[in-house]
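My questions will all concern the structure given below.
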Amino acid sequence: MASVGFESVRKVFGKTMALRDVDLLVADGEFMVLLGPSGCGKTTLLRCLAGLEQIDGGTVRIGDRDVSDLAPRHRNIAMVFQSYAVFPHMKVYDNIAFGLRMRKKSKEEIQKRVREGAELLQLEPFLDRYPGQLSGGQRQRVAVARAIVTDSPVLLMDEPLSNLDALLRLHARAELKRLHGEVKRTTVYVTHDQIEALSMGDRIAVMRDGQIVQVDTPGVIYDRPASVFVGSFIGSPPMNFLKCVARNGTAVGEGFEIPGPPGMDGKKLLMGIRPESIRVGEGPLQARVVVVEPLGSHTLLTARVGSELLKVVDDPDSQVRADQEIRLAPESHKIRWMNAESGMAVQAPS
Ligand code: ATP
């Protein structure tokens, strides 16, 4: 097994700075998710690790080896891509065996590993079929099997589930997580799907404009985003941000006043609060309900506070109606104060 390290990694495409001095350490056996909007540099970072892109500055390490100038085949990593690139003219067995044959393993060894991989991914009934005779989900499992049967200590996955329909995706997500639990390969997994990131990652590295803006466990990323960007990107619906001003230890907004962060008098703030961390009933926020959406497991309210809109998760059997005046109570320990000018959290995330 092996850790993975990026130290001040830079990549430039013409005038585009795709990676701006990225630092990231992925521990041995860790499942690290790279998450961020389209174009933020996730795939480029993965390709730099694989050796498919030459870096323009910095160092890439696998274990204690500097692999920055090594060809892909000498980096000993396995990869699964979005298009899952299974070979259509090869049967499932041969597809899974491909990497092992390239690595010149013995026939017996190949047979044993393909059987193991097929068992792990429940592909045994399909070994004699061609990819064209499989469903999308089964083809995707073939691509994963092909990657994991090699003994590469590092596994890279670039949006491997994005071509699957919603139900299959849900299933495959759990499968991949179970698989990682069993095989514990160091994994770097690219996605722009925040649910996938939250559910699978040991840690998540959130990227924006070629930089990593926060790295932490899913729980911390969700509860204590380092910036408005992270709070807005993660969570569906995203975190609410209400404008206010700090005054003598309180935060004063349009139509509300609540205890605020100390020592920030006169500073413009944003009160960050998740929709499920707001209670309907007694509370300091005066609101008018704009929309009520019953969603089965909960009711989603859109309410106006002053001139701003707020999302609130209420009970599934919520009695609240559109146009009703209600009071709302944000759970104080769930509030995340942001500096309105910089967009950064007032308290450093711990
Ligand atoms: P997506 O989620 O859409 O796949 P991403 O976060 O993986 O996006 P990258 O593919 O890493 O983003 O791209 C980062 C930036 O580098 C983008 O601005 C992209 O247009 C640019 N880029 C990537 N590859 C190349 C290339 N081969 N030539 C020129 N520009 C590139």
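The values are calculated or read from the model by the stated rules, or taken from the named source; none is laboratory data. Remember, it's a predicted structure, so these values are computed and weren't measured experimentally. We place every Cβ from the backbone using ideal geometry, glycine too, and count neighbours over all the protein chains shown.
Please state which one of Val4, Val22 is crowded, with 20+ Cβ neighbours inside 10 Å, more than 12 Å from the ligand (Cβ to nearest atom) and in contact (Cβ under 8 Å) with a residue 24 or more places away in the chain.
Val4
Any idea how many residues of the stretch 256-276 are touching a strand residue (DSSP E or B) at 6+ places or on another chain (Cβ under 7 Å) and over 18 Å from Lys243 (Cβ atoms)?
Selection size over the stretch 256-276: 1.
Counting only residues that are without any contact (Cβ under 8 Å) to a residue 60 or more places away in the chain and surrounded by 14 or more Cβ atoms within 10 Å (Cβ to Cβ), how many does the stretch 325-342 have?
Result for the stretch 325-342: 4.
Show me the strands (runs of 3 or more DSSP E) entirely contained within the stretch 167-234 in which 2 or more residues are crowded, with 18+ Cβ neighbours inside 10 Å, touching a Cys at 6+ places or on another chain (Cβ under 6 Å) and among the acidic types (Asp, Glu).
none
Assess whether Glu53 counts as being more than 12 Å from the ligand (Cβ to nearest atom), surrounded by 14 or more Cβ atoms within 10 Å (Cβ to Cβ) and of a type in the set (D, E, K, R).
Against the criterion (more than 12 Å from the ligand (Cβ to nearest atom), surrounded by 14 or more Cβ atoms within 10 Å (Cβ to Cβ) and of a type in the set (D, E, K, R)), Glu53 does not qualify.
Take Ala97 and tell me if it is surrounded by fewer than 19 Cβ atoms within 10 Å (Cβ to Cβ) and away from the ligand (no atom under 16 Å from the Cβ).
No, not satisfied.
I've got another one for you. Please give the number of the condition Leu46 fails out of (1) within 11 Å of the ligand (Cβ to nearest atom); (2) in contact with a helix residue (DSSP H, G or I) (Cβ under 9 Å, 6 or more places away or on another chain).
(2)
Here's something else I'd like to know. State the number of residues belonging to the stretch 261-293 that are surrounded by fewer than 18 Cβ atoms within 10 Å (Cβ to Cβ), within 32 Å of the chain's Cα centre (by Cα), of a type outside the set (Lys, Arg) and part of a strand (DSSP E or B).
The total comes to 3.
If only one of Asp209, Asp158, Asp202 is closer than 30 Å to Arg73 by Cβ, within 16 Å of the ligand (Cβ to nearest atom), of a type in the set (D, E, K, R) and touching a residue at least 60 places away in the same chain (Cβ under 8 Å), which one is it?
Just a single option satisfies the conditions, and that option is Asp158.
Within the stretch 7-14, can one find any residue that is away from the ligand (no atom under 15 Å from the Cβ), farther than 24 Å from Val142 by Cα, under 17 Å from the mean Cα position of the chain (by Cα) and modelled with pLDDT of 95 or more?
No.
For Arg288, all conditions in the list (1) touching an Asp or Glu at 6+ places or on another chain (Cβ under 6 Å); (2) modelled with pLDDT under 95 hold save one; what is the number of the exception?
(2)
Considering only the stretch 78-86, I want to know if a residue exists there that is at pLDDT 90 or above and buried (at least 18 other Cβ atoms within 10 Å of the Cβ).
No: zero hits.
For Ser162, only one of the following conditions fails: (1) surrounded by fewer than 19 Cβ atoms within 10 Å (Cβ to Cβ); (2) part of a helix (DSSP H, G or I); (3) small (Gly, Ala, Ser); (4) within 16 Å of the chain's Cα centre (by Cα). What is its number?
Evaluating Ser162 over (1) surrounded by fewer than 19 Cβ atoms within 10 Å (Cβ to Cβ); (2) part of a helix (DSSP H, G or I); (3) small (Gly, Ala, Ser); (4) within 16 Å of the chain's Cα centre (by Cα) leaves (2) as the failure.
Within the stretch 161-173, restricting attention to residues that are of a type in the set (A, V, I, L, M, F, W, C) and over 22 Å from Val4 (Cβ atoms), which residue is farthest from the ligand (Cβ to nearest atom)?
So, considering only residues that are of a type in the set (A, V, I, L, M, F, W, C) and over 22 Å from Val4 (Cβ atoms), the one farthest from the ligand (Cβ to nearest atom) is Leu167.
Considering only the stretch 28-42, I want to know if a residue exists there that is more than 24 Å from the chain's Cα centre (by Cα), away from the ligand (no atom under 16 Å from the Cβ) and under 26 Å from Arg178 (Cα atoms).
no
Which one of these does Gly296 not meet: (1) under 26 Å from the mean Cα position of the chain (by Cα); (2) in contact (Cβ under 8 Å) with a residue 40 or more places away in the chain?
The single condition Gly296 does not satisfy is (2).
For the stretch 29-43, name all the residues that are of a type outside the set (A, V, I, L, M) and farther than 21 Å from Ser152 by Cβ.
The answer is Gly36, Pro37, Ser38, Gly39, Cys40, Gly41.
Let me ask something else. Return the total of residues in the stretch 114-145 being in a helix (DSSP H, G or I), charged (D, E, K, R) and at pLDDT 90 or above.
Matching residues across the stretch 114-145 total 2.
Residues in the stretch 296-306: is at least one part of a loop (DSSP other than H, G, I, E, B), touching an Asp or Glu at 6+ places or on another chain (Cβ under 9 Å) and within 18 Å of Ser232 (Cα to Cα)?
Looking for residues that are part of a loop (DSSP other than H, G, I, E, B), touching an Asp or Glu at 6+ places or on another chain (Cβ under 9 Å) and within 18 Å of Ser232 (Cα to Cα), one finds none in the stretch 296-306, hence no.
Check whether at least one residue in the stretch 291-300 is among the small types (Gly, Ala, Ser) and at positive phi, and report yes or no.
Among the residues of the stretch 291-300, at least one is among the small types (Gly, Ala, Ser) and at positive phi, which makes the answer yes.
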